[in-house]
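The structure under discussion appears below in the form of structure tokens.
The values are calculated or read from the model by the stated rules, or taken from the named source; none is laboratory data. Model, not experiment: these values are computed from the prediction. Every residue, glycine as well, gets a Cβ built from its backbone with ideal geometry; the counts of neighbours run over all protein chains shown.
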């Protein structure tokens, strides 16, 4: 093992050589004014975002450009012009229908007021800002430890998250998952963000359910933990919004709840590679018919018990980030259809595994790096390329094709590991989760109130400024 010792010594010397200049650069950055520090952070985020943005907004074929936000925009156009919301299609060659509840069509009306080209760019900027906010809220325990370096820490942590396959796919299609994840994370995170001080817990989950049905997994989590008030608030919000939408759009509401919701074909090919839920995996490689359905229900029950048990453990431990991560994975694994970009939850998972002070247990760093590295790869599409080589053995291609399903289970396993670390290894997370004012801001009253005084929008506003043809045709009406 001499080679290993030599490599370790070389790495140590390299680290020592880099540490000095890095420390001096960090000291100079910390001496700058807050406005300059946030400007630098915004620039770093913008540069990181430029890689997927250039690929998917500048060099991407126009007939596949921002196809999902086009679905939303066309729903808004349908309301303004009086055409049936659920009969209209986007332009050829995609011809995608609107597949979401009527409330989603109502809030899409502003999208119809601007040209589609402008909406595509604004939507992308909003997704980058939302992903930055997810990193801020999910990584707050770690970010706040860096003091005046917090803006740069946020930027450096956000950069690789923007390159994750699910996140970049959201940018590619013009999706809403970044906003769904952000809403649910803010609603459950403790201490509660200052911007939500007067909004009861459960409201944002209810609103998210009114746009997409999958956030309903959080209501199940509330019920499992006997959090009756939050469950009632979430369901009540969703019901109120749905009834209001029915009063405004009675025909569209009847078309959705009475027909479109029960038509899985509207979502795209359920057996396509993009569907990385357990059911999607079984549709590709499992048995057909009744046996396949029974196997799916059994696996859903097993994974559901494990996932909700983890979320319950995290809730009892005061680790709201791991709580949201575990339930978010349930939204992917248990759903009949979960496209790759639905795995935006991996951003939360990474920071749940990292914890508040990963340098106290470097295994956390390696575990978070493993998840990040896994989802930086586009393995499902590598699998399709492999399967297209007819002379090659199929099983490696099948493994790659279903890699994100396996990756979600791996993430669930690492969450289980992180939540079962010895108490001493998790103490820093619990201490920060208790929400002392020193960790979340300098305003003593806010800190005592359990709110996060550092998250009022000014900071995030600055930071946010910043396949084969068969599957491509799915460009899924996700």
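Before moving on, here are some points about what is shown:
- The conditions of being touching a strand residue (DSSP E or B) at 6+ places or on another chain (Cβ under 9 Å), modelled with pLDDT under 95, surrounded by 14 or more Cβ atoms within 10 Å (Cβ to Cβ) and farther than 30 Å from residue 397 by Cα are met by residue 260.
- Selection status of residue 99, touching a helix residue (DSSP H, G or I) at 6+ places or on another chain (Cβ under 8 Å), surrounded by 20 or more Cβ atoms within 10 Å (Cβ to Cβ) and over 23 Å from residue 244 (Cβ atoms): no
- No other residue among 337, 348 is surrounded by fewer than 24 Cβ atoms within 10 Å (Cβ to Cβ) and touching a helix residue (DSSP H, G or I) at 6+ places or on another chain (Cβ under 6 Å) apart from 337.
- Extreme residue, farthest from residue 332 (Cα to Cα), among residues of region 273-286 that are at pLDDT 90 or above and assigned to a loop (DSSP other than H, G, I, E, B): 273
- Test result for residue 466, modelled with pLDDT under 50 and buried (at least 21 other Cβ atoms within 10 Å of the Cβ): yes
- Test: residue 358 is more than 21 Å from residue 275 (Cβ to Cβ), surrounded by fewer than 24 Cβ atoms within 10 Å (Cβ to Cβ), touching a helix residue (DSSP H, G or I) at 6+ places or on another chain (Cβ under 9 Å) and at pLDDT below 95: yes
- Residue under evaluation residue 121, criteria (1) within 19 Å of the chain's Cα centre (by Cα); (2) surrounded by fewer than 23 Cβ atoms within 10 Å (Cβ to Cβ); (3) assigned to a helix (DSSP H, G or I), criterion not met: (1)
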